[in-house]
Amino acid sequence: MRTGRRLLTLIALGIAACTAAMPASAEASREVFPYCSYSLLDDGWVSTADDVRKMLREKRAEDVQPGFVEATDATVNQFRALFQALNRDDLTVARSAAKALGYNACLLRNLRRDGEVDRFLFLSKDQTQQIHLLWRLGKADPIIIQSPHNFKDQRDKEKATESFVRTRARLLIANSLHANDSKQRSPCSGNNAVSNGAHYHKGWFHAAHVASAELLPDHGVFQLHGMASRRGNGDVNYIDISPGFKKDQVKEHSLLRYFDNALVESFGGDYASKYIVSAASPSPWTRVKSGSHLPGTFNTQGRHLNGSPEPCRKKAQAVHYENSPQRFVHVELSSNPRQRHLDDLINALNIAAAEWRTNAAGGDAHSLEGAKLQVGTMRVSDKPAFFTDELDAYEQPVIIAGIPGMEGKHPVVVEAITGLTPALQLREWSYLDGWHRYESVPYLIAESGRFESDQLQLEAGHTKFDAGLGEMNVHFQATFEGKPVVLLTEKNNERGDVAALRITNLNSEGFTVKAFVSERAQAIGKKLGGIELGFLAVYERAEETVGSASVPLIGGSAVMLKTEVFQGNHTPQLMGVLVQEEQSSDGEAWHTNEEVGLVVIDELVFGHMQSLYGADPAALRRLVD
């Protein structure tokens, strides 16, 4: 077992050196947000665990007496706007979104032992405590840490905040209210007060959870709870962990499984065999062995992530969590793991985060076989063309539509419909009649994640953004060796409007996506709502095999893949591909040259414009002899 240690000691000489070497993005953040200036902090530096605790206590002393305020649909949307802005590094918009929520925001920074400077945006409220947030700027693990209530004797919020600072988690959501601050009872399962964030679906805590879970679908969630002692026997050493459902349904690549193994590694086998009660392993607590009781089964956020259609009142059923990534862990901590063994707990969180990043969230590359690539062709019209069993082998499938033909001449885009019955559908712009002839449309299905071979680097993923805000930056999970070709497919457009997705600022680290409504809709000020999209990035890494890389398909066969980039416009170019504008304002269809990226797999053509030289709404079509 590791000995206790202070949080990343700050050396005075290092302050000037790190400040001088501050990257441009850090300087930009300073122009938007000030450094936190509580009396104990020196220009935003957080140097010890005590700093974290004192900062939160000082903040509490400044605040008005806490009171519970319900969240509304507008609150959820405001959190969505905040997290979307932070995720695309747009701190100016983030500042406005934070203000709309009533948050004060300032910067914190910490010098890690590896010499890197961590920077966090600290968001808190003065008039009512509700919840506070910490968002890690720059590089982070795909992890969210939550603290749903703040028992005053157990300092849950302080321990969760310290755990966040000492890991590389992206986001902390911490409820500043005591679990019983409100006398109003929650209608959700468990007979708790509405101030207990884990057991109420209309609080600010759950609103922030929903918004972040939607935006960051590959992030694992640790929800940390404190318990005074072991139930019924007064023992102060126990740790209970659960996904919120029976242990015989826990997947191998679930966050719970990784955390279970990490706790054993960090605390040691003797401690684990006595005190760690896990739904993923044999337990000294017989009720967990039998499956008749598990902590977290009433947890509203756990039910939400596990797929319950009504998380306030209904548990997730097997049909839901068997098909989910199982990215939620409910953690109950007795006093010793929170205090004497906090270093071991944080070490276990870091180990589990690394496993999640590597094996589940896809941060490190797997072999190409793991991508489970599948390609084919469907006849698609304005009516959905449904997949049958093509997606059965995937945990997090990414569907990419190829370039449609031109049997119907009206401008059209291809959308993917996900859910219980995934499908592809052609969508004409709203100024047209909506009916469209059948077109041959290639499709590609891949497992979400990062994959590579000697010849290729490939990343598949999905994200959601508020297209009404204009654009969003998408960061790859790891840097490519060169500029990849990126394919996009829209899915589940909230408002049902037809949109043209465009890529700009493409480089080895990511890209910017913009969405456009028709010119007629732009003229009347119409904006899009939330849009989900799937993406596939491909880079051919071996010069001697460019244009002839071999890729394995699901089932064991292999086909040839090649990428092409060319200048395309409104006339058919390479492989008959052209840029087709919508014509709601006029009949003009001319379009300037755009950088068009193609991925050709087994003679099926996929592509997307990789530039935004002409801003008229447009999409690719293919003229086939």
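Exactly one residue out of V441, V414, V485 is among the aliphatic types (A, V, I, L, M), in contact (Cβ under 8 Å) with a residue 24 or more places away in the chain, open to solvent by 20 Å² or more (accessible area, probe 1.4 Å) and touching a strand residue (DSSP E or B) at 6+ places or on another chain (Cβ under 8 Å): that is V414. Of the residues making up region 540-550, those that are among the charged types (D, E, K, R) and modelled with pLDDT of 85 or more number 2. Which condition breaks for I351 when tested against (1) of a type in the set (A, V, I, L, M, F, W, C); (2) surrounded by fewer than 23 Cβ atoms within 10 Å (Cβ to Cβ); (3) under 30 Å from P572 (Cα atoms)? The one condition I351 does not meet is (3). Please determine, by comparing only the residues of region 386-407 that are at pLDDT 90 or above and over 14 Å from T489 (Cβ atoms), which one is most open to solvent (accessible area, probe 1.4 Å). Only one residue fits best here, namely F386. Report, by residue number, each residue of region 414-450 that is assigned to a loop (DSSP other than H, G, I, E, B) and over 24 Å from the mean Cα position of the chain (by Cα). Once the filter is applied, which keeps residues that are assigned to a loop (DSSP other than H, G, I, E, B) and over 24 Å from the mean Cα position of the chain (by Cα), region 414-450 yields W429, S430, Y431, L432, D433, G434, W435, H436, R437, Y438.
Considering each residue of region 135-162, count those that are part of a loop (DSSP other than H, G, I, E, B), surrounded by fewer than 24 Cβ atoms within 10 Å (Cβ to Cβ) and at pLDDT 85 or above, and give that number.
1
V165 meets all of the listed conditions (1) open to solvent by 10 Å² or more (accessible area, probe 1.4 Å); (2) outside any loop (DSSP other than H, G, I, E, B) but one, namely (1).
Could you list, in sequence order, all residues of region 449-459 that are among the polar types (S, T, N, Q) and open to solvent by less than 20 Å² (accessible area, probe 1.4 Å)? Spell out how you get there, then give the answer.
Looking only at region 449-459, we keep the residues that are among the polar types (S, T, N, Q), and these are 453, 455, 457.
Within region 449-459, Q457 is the sole residue that qualifies.
Applying the criterion of at least 3 residues that are at pLDDT below 85 and out of contact with any helix residue (DSSP H, G or I) (no Cβ under 9 Å at 6 or more places or on another chain) to the helices (runs of 4 or more DSSP H) found wholly in region 238-349 leaves 269-275, 286-290. Yes or no: A193 of a type in the set (G, A, S), modelled with pLDDT of 85 or more and more than 19 Å from F259 (Cα to Cα)? Answer is yes for this residue. Look at (1) over 29 Å from D382 (Cβ atoms); (2) in a loop (DSSP other than H, G, I, E, B); (3) within 26 Å of the chain's Cα centre (by Cα) and you find that D454 fails only one, number (3).
Scanning region 398-413 for residues that are closer than 19 Å to A521 by Cα and not hydrophobic (A, V, I, L, M, F, W, C), which turns out farthest from the chain's Cα centre (by Cα)?
Here is the first cut: in region 398-413, the residues closer than 19 Å to A521 by Cα are 410-413.
Of the ones still in play, those that are also not hydrophobic (A, V, I, L, M, F, W, C) are 410-411.
Working: H410: 36, P411: 33 Å.
If we take residues in region 398-413 being closer than 19 Å to A521 by Cα and not hydrophobic (A, V, I, L, M, F, W, C), then H410 is farthest from the chain's Cα centre (by Cα).
Looking at (1) closer than 30 Å to E428 by Cβ; (2) modelled with pLDDT of 80 or more, which one does G525 not meet, given that it meets all the others? Among (1) closer than 30 Å to E428 by Cβ; (2) modelled with pLDDT of 80 or more, the lone unmet condition for G525 is (2).
Quick one: is G461 within 23 Å of the chain's Cα centre (by Cα) and not in a strand (DSSP E or B)? In short, no. Restricted to region 551-586, and to residues there that are among the small types (G, A, S) and open to solvent by 50 Å² or more (accessible area, probe 1.4 Å), the residue that is modelled with the highest pLDDT is A558.
Counting only residues that are touching a residue at least 12 places away in the same chain (Cβ under 8 Å) and either of a type in the set (V, I, T) or part of a strand (DSSP E or B) (or both), region 506-530 holds 11 of them. Summed over region 566-625, the residues that are of a type in the set (A, V, I, L, M), touching a helix residue (DSSP H, G or I) at 6+ places or on another chain (Cβ under 6 Å) and in a strand (DSSP E or B) give a count of 1.
Working only within region 417-438, note down all residues that are within 21 Å of Q396 (Cα to Cα) and open to solvent by 10 Å² or more (accessible area, probe 1.4 Å).
Within region 417-438, the subset within 21 Å of Q396 (Cα to Cα) is 417-425.
Of everything in region 417-438, those that are within 21 Å of Q396 (Cα to Cα) and open to solvent by 10 Å² or more (accessible area, probe 1.4 Å) turn out to be I417, T418, G419, L420, T421, P422, Q425.
The values are calculated or read from the model by the stated rules, or taken from the named source; none is laboratory data. This one's a predicted model, so the numbers in the text were calculated from it and none came from an experiment. Don't worry about glycine lacking a Cβ; one is built from the backbone with ideal geometry, like all the others, and counts go over all protein chains shown. Protein only, heavy atoms only, side chains kept; ligands, DNA and RNA dropped before computing areas. Shrake-Rupley method; radii C 1.70, N 1.55, O 1.52, S 1.80 Å.
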